[in-house]
Every structure is written in C-alpha cells, then in structure tokens.
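First comes the structure, then the notes that go with it.
The values are calculated or read from the model by the stated rules, or taken from the named source; none is laboratory data. Not measured: the values here are computed from a predicted model. As a convention, Cβ positions derive from the backbone with ideal geometry for all residues, glycine included, and neighbour counts pool all protein chains shown. Surface accessibility is based on the protein's heavy atoms, side chains included, excluding ligands, DNA and RNA. Shrake-Rupley method; radii C 1.70, N 1.55, O 1.52, S 1.80 Å.
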Amino acid sequence: MPNIPHSPTNTHASPFRLALGRLRRHKLGMLGMVLVLLMVLGVLLVPEISHMSPNETRPWIGTQAPLNQHPDCAVENVFTVGTAPETSRRPAHRSHLIYQVQDQTPEEFRIVVRRGRVHSIAIGAQHLDTLNLIERGGLAFEINPGGIAGRTITPTVIKTGAPPPEGLMREGARVLIMGITHPETIRTITIHMTDGRVTAIHEGEQTLQHISLRGENILSITDGHSDTPLTLTHWFGTDELGRDLFVRVFYGGRVSMLVGLVATVVSLLIGLLYGAVAGYIGGRCDRLMMGAVDVLYALPFLFLVIILMVSFGRNIIMLFIALGAVQWLTMARIVRGQVLSLKQMEFVEAARLSGASSLGIILRHLIPHTMGPVIVYTTLTVPVIIMGESFLAFIGLQVQYHGISLDSWGALISRGVQALGQGGEQSWLLFFPSMAMVLTLFGLNSLGDGLRDCFDPKRSIND
Amino acid sequence: MMPRIFRRLLYAPIVLLLLVTMTFFLVRLAPGGPFSNERDLPEEVESALNARFGLDQPLHIQYMRMVGGLLRGDLGPSMKHRDRTVKDIISDHLPPSLLLGTTAILLALWVGITIGIISALRANTLIDYLGMGATVIGISLPAFVFGPLLQLIFSMKLGWLPVAGYGNASQLILPAVTLSLPFAARFARLMRAGMLEILSEDFIRTAHAKGLSEFTIVTRHALRGAILPVISFLGPAIAAITTGSLIVEKIFNIPGLGREFVESALNRDYTLVMGTTLVYGTFIVLCNMLADLSYAALDPRVRDAEEVA
C-alpha cells in the first residue's frame, strides 16, 4: 500500500498498531475507554457479587432514599430444623442468628376517593370520619389493585371531605386499602445452624421445630458474635416495591449492553457482507444493491420498529433484528466505498491470479483491509443502538423474555420519571439509571471519536 | 447533477409505497385488531365494527382499498376516535409539532454555530476542550434523560418554568431546549471543523495582513465557507428531529403528532397509524432529498463520489 503512514520510531508497525499507539495519546479517547471498561466490569460483576437480586421485592420498605438500611431478610423467612433455611443470601450462611421480632397486626381501611376528596373511610362495617395515622403509630401503606403493598404513607390525619394525602391516593381510585400496624411486644428468636442447615430454634425458654418470620416484622438481626446487626444497605435507594436500585441499575446495564452488542454484531455482519459484495462485483449489480440501500435509508425506520414492537409483543430477538436492520445500511455504504478503492490494488490482482475465488478474496483480502473504518463505525453504533432500545423502553415497549419484562436503563429511567411526580421528591430513581446510561454513552462516543482520529491521521484531533 | 435529482425524485414514491406497504402488513399481521381489546364489546358489535371499517375483507382487498384511498388523498376515518377523520386529527396535532420542531432547530443552529466558532478560534485551549467535551455530553444525553432533568431543576426545584403543557411561550422553552441539545452538539462539531479548515486558508491570512479585525474576518470571510458542513447536515437533522419529538412530546405532554402516533400504534388504530406514519414519512423523505441535493449543490466533490456516510 502506498500510503502507510511512517513513524520514525517504529517503521515496521502495521497501520493498526500505529492507530492504537495514537489512541494512547488521545486524552478524551482514553477517558472514554476507561469509562466503558469500568461500566462493562460493573455490569458483569455487581449482579454476581451483590447480596440482592434485581427482582427481589421488599414491599414493606417501599421507596427509600439512597443509603437506607434495613434488616437483611426476605419477605418470608422460614426455618425448619434439619433443613436449609429459606431467607436472604447472607444470613443463610451464618452459624448463629438472633432475630428481634415485633409482631404487627395489619388492619385494612377502605378509603374511597371521589373528585379529589376523601369520600368515606371504613374499617370492616364501621365508618369513620377521621383516621389519625400519627396517633395509631406503626407503618401505613397503600395497597395496589394487585394486592401488593405500594408506597408507605406519611403519618397524617385523613378526614372525610378533605383532600387525601398528596400523591398517595390515585385520582379516581374507588377502593384503597391500608394496613396499619400496632406496636406490640418484642420477641427474640435464636437460630443455630451448621453446614447450611438449621440445628435448633429457640424462643425464650421454648424450643421450636419450625418458625416462619415475615420480613416486615423483623426489627433487627445479629449473629451473636458481634453487636453490629446484619443489614442490607441500599446504596442507590429502592423503588416502590422495595427493589434495590443499585443492583437494578447494573442489571439493567446488562440488558442495554447486550442489546447494543448483539444488534451491532447483526448490523456489522449484514453490512460487511452486503457492502463488500456490492463493491467487489461493481457495475449494474452494485448500482442496484446500493439503490436498494438508498431506498431503505430513506425509510423512517424508527416508526416501523415501534409498529413492529407493538404488533409482535416486544420479543427480544425481534428487537435485535429490528435495531440491527436499521444500522447495517451505513455500514454497507462505508464498506462498499472502501472495497471500491481497494479492489484496484495489486494485491487483489495477485490473489486473483493465484486462483483465489471471489468469496475468498472478499473474506480474506478485502474485508480485513476495511477494518479501520469498520471498527470506528462499530464503536459509534453501539451507543446509537443502546439509545434506540432505551427510547423504545421509555415509551413503554421494553423487551420481554419468556413473559418477564427485562428492565433496561430506558425502562428504569421511565419509572424514574414517573416517580418524579409533582415535586421531584424521589429523584434518585431517575438520577442513578440516567447517570449509568449517560456515562456509558459518553464513554462509547468518546472512544469512537478517539478511534476515528487515530485511524484517520488526516483528520485533526477532536474533529 | 441532473441525473441525481431525477434519481431522487424517482426514489421518493418508491420509498413511500414501501413505507405504506410495510406499515400496512406489520400492523395487520399481528394477532388481534383494533376492536378485539375492548373487553365489554359483544361479538356482534365487534363484527359489525369490523364490517364498517372493511376489516372483514381479505387482506389484499383491504390493501388495494387503502392505497386507492391514499392516492385520492383520503386517509379514512379513525378507528378509535369516534366520528373523527384521520385528516382532522392530523391537522389538529401537526401545528404543535411543527412549532416545537422549528423552535428546536433554530435554537440548535444558534447555539451550535456560536460554540463551534468560539471553539475553532480558541482551538486546543481549555475553552475548546470544554466546548468539545460538552458536545460529546450533548450527544450522549438522550432526550428522556435531559428532559426530565430540566423539569426537575427548572420547574420542580427552582419553579421558574412550567413543568409541562402547551399553549404559551414559557411552556415551549424546556421542550425546545431538550429537543435541540443533540443537534446543537453536532452543529457545533461540524462548525468547528469547517471553521478550522477555512481559517488555515491563504485568504484568511491575507485578511489578517490587511489589518481587519478578527470579528470582521470571521463573520465576513470565514463563516461563508465554514458553514457549509452545517448546512448539509440540516436536512438529516430536521428528519431526525421528528423522531426526537416523539419522546419530547410525551415527556412534556404536548398535544403533537408524535404522541398521537405512539398512542395510535399502541391502540391499533390502523388508519391513524397509517396517516401519521405517512405524514412523518413524507416529511423525512423530503428532508433527505433536500439534504442529498444540497450536498451536491454545495460541494462538487461529493457530486460524483457516492459514499456519503
């Protein structure tokens, strides 16, 4: 090749290695690479080493601000002598556990809201005029139509005829049930375990064979050796179902990055092959193939993707194909342009004379030489696809896999926006997923820019 | 240049026919229909409704009817909004979208060109690095992050601007800023690159030698050539802003066409999906055509080379 850039220190280096050398001096590009590596590492490791899983709900804690702590337990904690304990990950591996339990009797109040005012308050058959949550003490929470406990309600006085506590009761909701808990006596339960099995359960003087503790009743857990209680810390807070946002952000990153990666590979494969074939054959075939690309290029694909996702049920495979199918067009154009100029070169002629097939020449000689621009464009495609998927998730079309909706960053951000409500109190639900996503996109875009500057010495830095 | 124009003109109807066909079959091949989700609908009523909108006909007849209607400029009645035609709905919801899009693109041009020029004049200084770093952030900040962020800061915490809605000028500020951000960033980068190239030309040195002020040189001499890349990106930018407005209209609760499209797709309102997609499609096809033509008109080098990445 006539125009290999010469470097005085390393005359035998390949253009590829020279480009990577230049990248090392490209500040923004390196920053981007470090960011991307950190995010990938976090997304791979955090869900593995965390004590929590992304879909583990703890309805009784509800939405909590970052750094909130509570006893490390599951919704139901079941201990039976001779079997493995059923509780959250960490306590199950201790040899000795002491639970402080305060039993709570939930009471259900039916509150009817009509035209923005409390219409009636009832417990059983009895009707009340006012309900003073401050005096009753304990925790009160809204129960969603599905029977799941929703947000906790700030202690306040609810009166008939007055507006309901702000933001807590859905407008137009007819029935709203609340559980109110009464503080009662505190019980202490000790559990002994060896080799992951329960050996003995004591409550005071009593010895039990089996006990089941509800998560919302547990006040504290200690392991008997130290006074520090076993707690879970929610670094990024929790959502309205008490799910840990820290784990959910990194798990959502898996979904986003997986979609970005797979759809990019789809677009890469189609684009490479299509562009190389068009460029290599040339002539009328090339004009026809590129004409088709031009026509497809002009289609507003995002609209079709939205219709596709609505019609065919948010299938993840469909999403890969849809997003990949949009992006291969540019890749095909880039590769074709490269191949057009490359095929005039002597090494292609030499390969043909030595009897290589057309396919062999395309795969072994032409495509490897287009790698520079292809790598650059691939790096810049990943953020575009991540954004595309999140765009869909934001308008309510998040992907599902076997009926479980996979909450990507876009879906988390969408929930965060809903949680902002009127006053923006629960802004962490928006802030953390947004930060994760923006940092990743910033990293990928900077890295792509850096690579482009480095593979194309004619362009100036930051161009 | 002429054959290129002709080819573009030939593509436009092909693209639109393809779009209409794909939309038609994608919407219809899925199980269910516009009336199958309404639970309380008796079976007779559903089949009567299907018959009224011609949904009981074989697919190819429906397709031919739809294409025939479109050729006559008849988009048909909406299937979900009772007693309203698709044309009425579109003419109601198009103005807010157009206003938002125009404001956003003007804002993006103004901010982008300003930042681009300043960065180019102070190339490789702290100002330049800050400016260019900001553009990468601008490109990496999706509207569905930036919009709610602006709402949180300027409406909820500071209380300066309304959270959402449509009707007066103050309600247009946040959505327009949100929508314009990625385009302002791209314009800034293109402007900076174009400016750097022009500033290294001989005639700029001559202008300096004549003793002209930097302001005059930039505005009178350099800007004219440096702005070309920005202008050629204008077409794709206007096309891309339509997709951006889908989200922004949702976030800021603006009664625009984008929201109508998303809702009609979710509601399986066949005729409204077709109408809104066709409006957007025609608009985008026009913008792409303009963009291609302006590439050719502005830069003779691009006219023959075909890879416009």
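Is it the case that some residue within segment A:367-375 is assigned to a helix (DSSP H, G or I), more than 10 Å from chain B (Cβ to nearest Cβ) and without any contact (Cβ under 8 Å) to a residue 24 or more places away in the chain?
The answer is yes, given that some residue of segment A:367-375 is assigned to a helix (DSSP H, G or I), more than 10 Å from chain B (Cβ to nearest Cβ) and without any contact (Cβ under 8 Å) to a residue 24 or more places away in the chain.
Return a yes/no flag: does segment A:305-324 have any residue that is of a type outside the set (Val, Ile, Thr), in contact (Cβ under 8 Å) with a residue 24 or more places away in the chain and either within 20 Å of residue B:11 (Cβ to Cβ) or not assigned by TED's automatic domain parsing to the domain that holds residue A:384 (or both).
no
I'm trying to understand the selection: among the residues of segment B:38-75, which are surrounded by 17 or more Cβ atoms within 10 Å (Cβ to Cβ) and either modelled with pLDDT of 75 or more or of a type in the set (Asp, Glu) (or both)?
B:62, B:66, B:70
Scan segment B:217-227 and give yes if some residue there is closer than 25 Å to residue B:243 by Cβ, open to solvent by less than 60 Å² (accessible area, probe 1.4 Å) and touching an Asp or Glu at 6+ places or on another chain (Cβ under 8 Å), otherwise no.
The answer is no, given that none of the residues of segment B:217-227 is closer than 25 Å to residue B:243 by Cβ, open to solvent by less than 60 Å² (accessible area, probe 1.4 Å) and touching an Asp or Glu at 6+ places or on another chain (Cβ under 8 Å).
List the strands (runs of 3 or more DSSP E) that sit entirely inside segment A:201-250 and contain at least 1 residues that are within 30 Å of residue A:42 (Cα to Cα).
Counting at least 1 such residues, we get A:218-222, A:231-234.
Considering (1) under 35 Å from the mean Cα position of the chain (by Cα); (2) more than 25 Å from residue A:420 (Cβ to Cβ), say which one residue A:67 fails and leave the rest.
With respect to (1) under 35 Å from the mean Cα position of the chain (by Cα); (2) more than 25 Å from residue A:420 (Cβ to Cβ), residue A:67 is out only on (2).
I want to confirm something. Restricting to segment A:382-420 and keeping residues that are assigned to a helix (DSSP H, G or I), more than 10 Å from chain B (Cβ to nearest Cβ) and closer than 16 Å to residue A:54 by Cβ, which single residue is most open to solvent (accessible area, probe 1.4 Å)?
A:415
Please state which one of A:43, A:34 is surrounded by 20 or more Cβ atoms within 10 Å (Cβ to Cβ) and at pLDDT 80 or above. I'd like the intermediate steps shown before the answer.
Details: A:34 fails: surrounded by 20 or more Cβ atoms within 10 Å (Cβ to Cβ).
Exactly one residue qualifies, and that residue is A:43.
Would you call residue A:254 open to solvent by 10 Å² or more (accessible area, probe 1.4 Å) and at pLDDT below 85?
Numbers: open to solvent by 10 Å² or more (accessible area, probe 1.4 Å): yes; at pLDDT below 85: no.
Considered against the rule, which asks whether it is open to solvent by 10 Å² or more (accessible area, probe 1.4 Å) and at pLDDT below 85, residue A:254 comes out as no.
Looking at segment B:231-243 only, could you name the residues that are within 12 Å of another protein chain (Cβ to nearest Cβ), open to solvent by 20 Å² or more (accessible area, probe 1.4 Å) and in contact (Cβ under 8 Å) with a residue 40 or more places away in the chain?
Scanning segment B:231-243 gives B:236, B:240.
Would you tally the residues in segment B:292-305 being facing chain A (nearest Cβ under 10 Å) and either in contact with a helix residue (DSSP H, G or I) (Cβ under 7 Å, 6 or more places away or on another chain) or modelled with pLDDT of 80 or more (or both)?
From segment B:292-305, those facing chain A (nearest Cβ under 10 Å) are B:292, B:305; that's our starting set.
When the remaining residues are screened for being either in contact with a helix residue (DSSP H, G or I) (Cβ under 7 Å, 6 or more places away or on another chain) or modelled with pLDDT of 80 or more (or both), the result is B:292.
Summing the residues that are facing chain A (nearest Cβ under 10 Å) and either in contact with a helix residue (DSSP H, G or I) (Cβ under 7 Å, 6 or more places away or on another chain) or modelled with pLDDT of 80 or more (or both) in segment B:292-305 gives 1.
I need the full set of residues from segment A:81-113 which are in contact with a strand residue (DSSP E or B) (Cβ under 9 Å, 6 or more places away or on another chain) and among the charged types (D, E, K, R), in order please.
A:86, A:90, A:94, A:103, A:107, A:108, A:110
Could you look through segment A:294-334, keep only residues that are more than 10 Å from every other protein chain (Cβ to nearest Cβ) and β-branched (Val, Ile, Thr), and pick out the one that is surrounded by the fewest Cβ atoms within 10 Å (Cβ to Cβ)?
This residue is A:317.
Scan segment A:142-163 and tell me whether some residue there is at pLDDT below 65 and in contact with a Lys or Arg (Cβ under 7 Å, 6 or more places away or on another chain).
Checked segment A:142-163: no residue is at pLDDT below 65 and in contact with a Lys or Arg (Cβ under 7 Å, 6 or more places away or on another chain).
Tell me the residue from A:416, A:410, A:396, A:388 that is out of contact with any Gly (no Cβ under 8 Å at 6 or more places or on another chain), in the same structural domain as residue A:35 (by TED's automatic domain parsing) and under 30 Å from residue A:276 (Cβ atoms), please. Don't jump to the end; show me each part of the working.
Working: A:416 fails: under 30 Å from residue A:276 (Cβ atoms); A:410 fails: under 30 Å from residue A:276 (Cβ atoms); A:396 fails: under 30 Å from residue A:276 (Cβ atoms).
Checking each option against the conditions leaves just A:388.
Return yes when residue A:324 is outside any helix (DSSP H, G or I), modelled with pLDDT under 85 and out of contact with any Phe, Trp or Tyr (no Cβ under 8 Å at 6 or more places or on another chain) and no when it is not.
no
Please work out if residue A:433 is at pLDDT below 85 and assigned to a helix (DSSP H, G or I).
Answer is no for this residue.
Counting residues that are closer than 25 Å to residue A:393 by Cα and away from chain A (no Cβ under 11 Å), which helices (runs of 4 or more DSSP H) fully inside segment B:130-209 reach at least 1? Outline the logic, then answer.
Details: elements: B:143-150, B:170-199, B:202-209.
Result: B:143-150, B:170-199.
Checking the structure you have, find out if any residue of segment A:442-461 is at pLDDT 90 or above and away from chain B (no Cβ under 11 Å).
Within segment A:442-461, not a single residue is at pLDDT 90 or above and away from chain B (no Cβ under 11 Å).
What pairs come out if I take residues in segment B:69-83 that are at positive phi and pair them with residues that are at pLDDT 75 or above and hydroxyl-bearing (Ser, Thr, Tyr) whose C-beta lies under 9 Å away, six or more apart or interchain?
Hits for this filter: B:76/B:85; B:76/B:270; B:76/B:271.
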